[in-house]
Amino acid sequence: MTIKTACPLDCYDGCSIHATVEQNGRLRLEGNPNHPITRGALCNRGRRLGARRDGEDRILYPMKREGGEWVQISWAQAYREIGSEIRNALTRYGHHAILHAFDWGSGALLKSLNQRFFYQLGGCTETVGSLCWEAGLEAQRYDFGQARSHAPDDMVRNSQGIVVWGRNVATTNVHMMPFIKEAQARGAKLAVVNPLATDVARRADLCVYPRPGTDALLALGVLRICRDQGTLDNAFVEHRSVGWALLSEHLEQYDPERVSRETNVPVDQIQSLADFYGRLGPVTTLLGIGMQRYAGVAMPFARLTHWLPRRATSGFPAVA
């Protein structure tokens with residue numbers, strides 16, 4: 001028997017899967033060739049979900065720590081003890097005394113069902129935000145109004161350049177690679193910005209290796225060069241942006257020589273990256289999650305991609 005389903009792992013592709021239950025009860029998982037994004041491909045993690053389900057080391061029963069060791073208990077005991085603690089908290093302190101600390105993880109339907117459970121108790125106390133995820137989303141909401149990006153096939157049709165910044169697409173976003181290759185076949189250029197050498201860099205027309213933690217400085221330096229060269233979309237800056245005058249004044253600090261010293265990127269490479277953005281045409285920027293993990297870095301990328309000619313576009317991982 002074969003059914004069509006989707007991968008439960010917590011990545012961005014939501015791969016469509018054909019799952020076949022064989023006569024011995026084992027699962028065979030294959031990509032759905034008719035899916036417009038994944039096109040029949042599955043990563044090794046997704047393909048091995050069946051083996052993970054049937055693995056000998058999979059935990060099948062509740063475990064309770066007793067005397068410093070984990071001890072198997074029955075489901076009835078687990079339900080009884082957890083329910084008792086919840087009732088006690090509700091009776092003595094109210095529903096806000098229950099802290100639901102969570103992240104999405106690979107929960108599939110549980111991503112919604114776990115919250116439904118706590119809402120049935122009258123609500124609970126939840127954590128808000130995260131160290132990295134919300135930073136990128138908030139930066140895009142602040143600068144673009146919404147956390148959105150264009151579809152991969154739009155990149156193929158319209159982008160003259162693609163910048164993969166802080167993201168090893170070939171490893172962490174494998175289904176984006178066919179679209180990058182297709183765009184290159186149509187003539188698009190590829191630039192890679194990353195402190196480390198990555199697999200996708202082998203295909204790149206330009207590789208830039210900044211010192212870790214200096215991505216925002218590099219982006220501001222590139223933006224200054226684009227300003228000085230007159231390659232910004234001045235009509236958009238004048239009619240659709242707020243705060244450009246202050247930012248333009250601030251950019252005076254980021255001359256190419258200073259940016260080069262602090263990023264370890266040669267001046268000619270900074271210039272090449274500025275030309276890539278400012279002169280090539282519509283550019284797609286695929287950002288990795290690493291830039292969201294230090295203060296203020298997401299904003300320069302939004303500004304860099306916002307004010308360039310012919311409306312270059314960007315995509316943080318959350319929406320790419």
Is it the case that some residue within the range 248-262 is open to solvent by 20 Å² or more (accessible area, probe 1.4 Å), more than 23 Å from Asp143 (Cα to Cα), part of a helix (DSSP H, G or I) and basic (Lys, Arg)? yes
Would you point out which residue out of Thr38, Thr5, Thr20 is among the hydroxyl-bearing types (Ser, Thr, Tyr) and touching a Cys at 6+ places or on another chain (Cβ under 7 Å)? Thr38
List the pairs whose first member sits in the range 217-240 and is closer than 17 Å to Arg279 by Cβ and open to solvent by 40 Å² or more (accessible area, probe 1.4 Å), whose second member is modelled with pLDDT of 95 or more and outside any helix (DSSP H, G or I), and whose Cβ atoms are under 8 Å apart, counting only residues at least 6 apart or on separate chains? none
Given (1) on the phi > 0 side of the Ramachandran plot; (2) open to solvent by 40 Å² or more (accessible area, probe 1.4 Å); (3) at pLDDT below 85, number of the condition Tyr12 does not satisfy: (1)
Could you grab me the full set of residues in the range 89-114 that are out of contact with any strand residue (DSSP E or B) (no Cβ under 8 Å at 6 or more places or on another chain), surrounded by 14 or more Cβ atoms within 10 Å (Cβ to Cβ) and modelled with pLDDT of 70 or more? Ala89, Leu90, His95
Can Leu251 be described as touching a residue at least 40 places away in the same chain (Cβ under 8 Å) and hydrophobic (A, V, I, L, M, F, W, C)? no
Test Asp143 against the criterion of being open to solvent by 40 Å² or more (accessible area, probe 1.4 Å) and in contact (Cβ under 8 Å) with a residue 60 or more places away in the chain, and give yes or no. no
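The values are calculated or read from the model by the stated rules, or taken from the named source; none is laboratory data. Note that the coordinates shown come from a computational prediction; the quantities given were computed from them, not determined experimentally. Every residue, glycine as well, gets a Cβ built from its backbone with ideal geometry; the counts of neighbours run over all protein chains shown. Just so you know, the surface numbers come from the protein's heavy atoms only, side chains and all, with ligands and any DNA or RNA stripped out. Shrake-Rupley method; radii C 1.70, N 1.55, O 1.52, S 1.80 Å.
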